[in-house]
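Step one of this worksheet: look at the structure below.
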Amino acid sequence: QLVGSDPGAASATAALTLEANNSLIEGFVIHSWLDEGLEIDASTGAGDNNTLRNNWVGFDAGENVRTIGDVGILLTVGAGGNTVEGNVVGGATNSGIHIRNAGSDDNVVVGNLIGVGPDGATPAGNGTEGITIDDAASGNVIGGTTAAEANRIAVNTDRGVYLHLSAGSDNSILRNTIHSNGALGIDLEPTGPTPNDPTDADAGPNDYLNFPE
């Protein structure tokens, strides 16, 4: 366990920051931290092709919610090609998962529980969105084409998945279970439903792709 309430452990840094390539972070229980739970930071030039798998972020070993002071899992400053798989993320004061900055591209987020506990049902909402993408991050995939790849994104305070105006292009949101969040399940900024338009020629996050009617 990485427990922020342990003497000397609580500080305004992530519980675990990865600045390397081709690494596996698996099976951690992380809670009670003042900043992020898990972070991949590529500002030093490394932060690609890692896997974060089967970690509990925002819970103790007894499955009780324990607050994370910022984002549950953060991919930032060019962290690309990473896989976030099978984690349980709840109790963060900000987003459950946040992907940001140019070069934080082609990450895959699959099979996670975001806003609910390890049982997949107990409410453990994050303080804003379940998943946030912004600052030119592109080509990321949330979910997939099979049921096993779907994320369950539920009971978060705000939107399920939110793409800011600054988000890059080609961020795919596929076959997830999204429900019981405080706002839209999938929202392309500005806030609220974006009207469909003929020929879908406008620019914005994901080019304001028309929704099906």
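The values are calculated or read from the model by the stated rules, or taken from the named source; none is laboratory data. What you are looking at is a predicted structure, and each value in this text was computed from that prediction instead of being measured. Counting neighbours? That spans all protein chains shown, and the Cβs are built from the backbone with ideal geometry, glycine included. Just so you know, the surface numbers come from the protein's heavy atoms only, side chains and all, with ligands and any DNA or RNA stripped out. Shrake-Rupley method; radii C 1.70, N 1.55, O 1.52, S 1.80 Å.
Could you identify the single residue in S104, S43 that is in a loop (DSSP other than H, G, I, E, B) and surrounded by 24 or more Cβ atoms within 10 Å (Cβ to Cβ)?
Step by step, each of S104, S43 is checked, and only S104 is in a loop (DSSP other than H, G, I, E, B) and surrounded by 24 or more Cβ atoms within 10 Å (Cβ to Cβ).
Just wondering, is there one or more residues in segment 30-37 that are out of contact with any helix residue (DSSP H, G or I) (no Cβ under 8 Å at 6 or more places or on another chain), open to solvent by 20 Å² or more (accessible area, probe 1.4 Å), closer than 16 Å to I131 by Cα and in a loop (DSSP other than H, G, I, E, B)?
no
If a residue has to be in contact with a Lys or Arg (Cβ under 7 Å, 6 or more places away or on another chain), part of a loop (DSSP other than H, G, I, E, B) and either open to solvent by less than 10 Å² (accessible area, probe 1.4 Å) or aromatic (F, W, Y) (or both) to count, how many in segment 48-82 make the cut?
Qualifying residue count for the region: 1.
Kindly establish whether G143 is within 13 Å of the chain's Cα centre (by Cα) and farther than 18 Å from V84 by Cβ.
Criteria not met by G143.
With respect to the numbered conditions (1) in contact with a strand residue (DSSP E or B) (Cβ under 9 Å, 6 or more places away or on another chain); (2) under 26 Å from V3 (Cβ atoms), which one is the sole condition not fulfilled by R159?
(2)
Does E85 meet the test of being touching a residue at least 12 places away in the same chain (Cβ under 8 Å), open to solvent by 30 Å² or more (accessible area, probe 1.4 Å), at negative phi and charged (D, E, K, R)?
Taking the combined requirement at face value, the residue satisfies it.
Which ones in segment 177-192 are open to solvent by 50 Å² or more (accessible area, probe 1.4 Å) and either on the phi > 0 side of the Ramachandran plot or of a type in the set (D, E, K, R) (or both)?
Of everything in segment 177-192, just one residue is open to solvent by 50 Å² or more (accessible area, probe 1.4 Å) and either on the phi > 0 side of the Ramachandran plot or of a type in the set (D, E, K, R) (or both), namely S180.
Does D158 fit the bill of being among the acidic types (D, E), touching a Ser or Thr at 6+ places or on another chain (Cβ under 6 Å) and surrounded by 14 or more Cβ atoms within 10 Å (Cβ to Cβ)?
It is true that D158 is among the acidic types (D, E), touching a Ser or Thr at 6+ places or on another chain (Cβ under 6 Å) and surrounded by 14 or more Cβ atoms within 10 Å (Cβ to Cβ).
Report, by residue number, each residue of segment 165-176 that is in contact (Cβ under 8 Å) with a residue 40 or more places away in the chain and surrounded by fewer than 19 Cβ atoms within 10 Å (Cβ to Cβ).
The one that is in contact (Cβ under 8 Å) with a residue 40 or more places away in the chain and surrounded by fewer than 19 Cβ atoms within 10 Å (Cβ to Cβ): L165.
If the Cβ limit is 6 Å and pairs must be 6+ apart or interchain, which residue in segment 98-116 that is at negative phi and of a type in the set (G, A, S) pairs with which residue that is open to solvent by 30 Å² or more (accessible area, probe 1.4 Å) and part of a loop (DSSP other than H, G, I, E, B)?
A102/A136
Contact list please: Cβ distance under 7 Å, first residue in segment 143-154 and of a type in the set (V, I, T) and open to solvent by 20 Å² or more (accessible area, probe 1.4 Å), second residue modelled with pLDDT of 95 or more and assigned to a strand (DSSP E or B), pairs at least six apart or on different chains.
T145/L174
Restricting to segment 83-101, and then to whatever is part of a loop (DSSP other than H, G, I, E, B) and hydroxyl-bearing (S, T, Y), can you tell me which residue is farthest from N151 (Cα to Cα)?
It comes out as T93.
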